[in-house]
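Report on the following structure.
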Amino acid sequence: MATSSHSVPEPHVGVRGDDLSRWHGQGRAQSAISNTDISVSGEQEAVPTCDLEFGSGGGRQRGMGVRGHGFLYEQCVQPCLVELLGSTLFVFIGCLSVIEHRPDTGPLQPALAHGLTLGLIIATLGNISGGHFNPAVSLAATLIGGLDLMMLLPYWASQLCGGLIGAALAKAVSPEERFWNASGAAFVTVQEPGQLTGAVVTEVMLTALLALAVCMGAINESTEGPLAPFSIGYSVTVGILAGSAVSGACMNPARAFGPAVVANRWDFHWVYWLGPLLGSLLVGALTRFFIGDKKTRLILKGQ
């Protein structure tokens, strides 16, 4: 037993009461110092992170507020600004291509100008807003879940304002005689009631082709691909080549609205709203019920 007590001494053996208290006090002090070091180091690491993200001098709540504003801007404001910019560029170039159109080229010049411009703008800005630049396309995207319903009206307002700005800029840079000879690039193909049925049906079908390229090429997950911007642009080119003599091949209410305001030409303007919106509704229904993937379809999903 003596050997055992020398080999494994009890903690209090040879330690006086005041030494024991001093030892415990040092332990508590060291523990407190360690905890303080941890807290200080934690604060030192947290401060630069907060400063880098949200700026110096702000606390956590300020940082969260800034983050919230940034999220709101990127999710709501920035896409609308991009739709405004893209619609302005598209309508400006489209109007110029019609105003400066040479009769001996037929519809080729406006067809290429519209299609190539749309594909280019979608390729550069599409990742921000989806690259609609067309109220009918935004409606189709909303119907199949590619755009939040709350953003539909802001998108429409941005696209219509962009169409108005683009048409006004085209008027500003064009010779007055050419501008009025082209009716301000407004859609004036339909001149009498007998043309209405063919014009509406043509706008429905051409817009359906465009909306189909958007919905299946850029939104539907099982069929989307990197060539979507170009296929969407090609659909506009094909539509103008095929239907310009029947309806003007608008396929876009914003493209018709801006020039109509600037040139004050409203004859049968409703055709270029009714036809494209019906075409987008048709594609939305087809995608939701029949040709969309399992995530998009509402029926016949299988197991």
Between residue 290 and residue 69, what length in nm is gained on full extension when 0.36 nm per residue of separation is reduced by their alpha carbon distance?
75.6 nm
Residue-wise HN-Hα coupling along the stretch 232-242, computed from phi with Karplus coefficients 6.51, -1.76, 1.60 (Hz; x: Gly, Pro):
5, x, 5, 5, 5, 4, 4, x, 5, 4, 8
Scoring only Lys, Arg, Asp and Glu (+1, +1, -1, -1) among other residues with Cβ under 14 Å from the Cβ of residue 291 yields +2
When you count, for each residue, the other Cβ atoms within 10 Å and take the mean per peptide, how do 273-280, 170-177 rank with the highest first?
273-280, 170-177
Accessible area of residue 76 in the full protein assembly, 1.4 Å probe (Å², nearest 10):
50
The correct ranking of 240, 291 by accessible area at 1.4 Å, largest first, is 291, 240
Ignoring ligands, DNA and RNA, please state the percent of accessible area on the stretch 71-290 from carbon and sulfur, probe 1.4 Å.
69
At 1.4 Å probe radius, can you tell me the per residue accessible area of the stretch 71-290 in Å²?
44
Please compute the modelled spin-label separation between residue 153 and residue 222, points set 7 Å along Cα→Cβ, answer in nm with one decimal.
3.6
Output for the stretch 182-241: GluC sites (Glu not before Pro) sitting in coil per DSSP, at most 13 other Cβ within 10 Å, listed by number, reads 221
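The values are calculated or read from the model by the stated rules, or taken from the named source; none is laboratory data. Please read these numbers as outputs of a predicted model, since none were measured by experiment. Backbone-built Cβ (ideal geometry, glycine too); neighbour counts: all protein chains shown. Heads up: the accessible areas ignore ligands, DNA and RNA and are worked out on the full protein's heavy atoms, side chains in. Shrake-Rupley method; radii C 1.70, N 1.55, O 1.52, S 1.80 Å.
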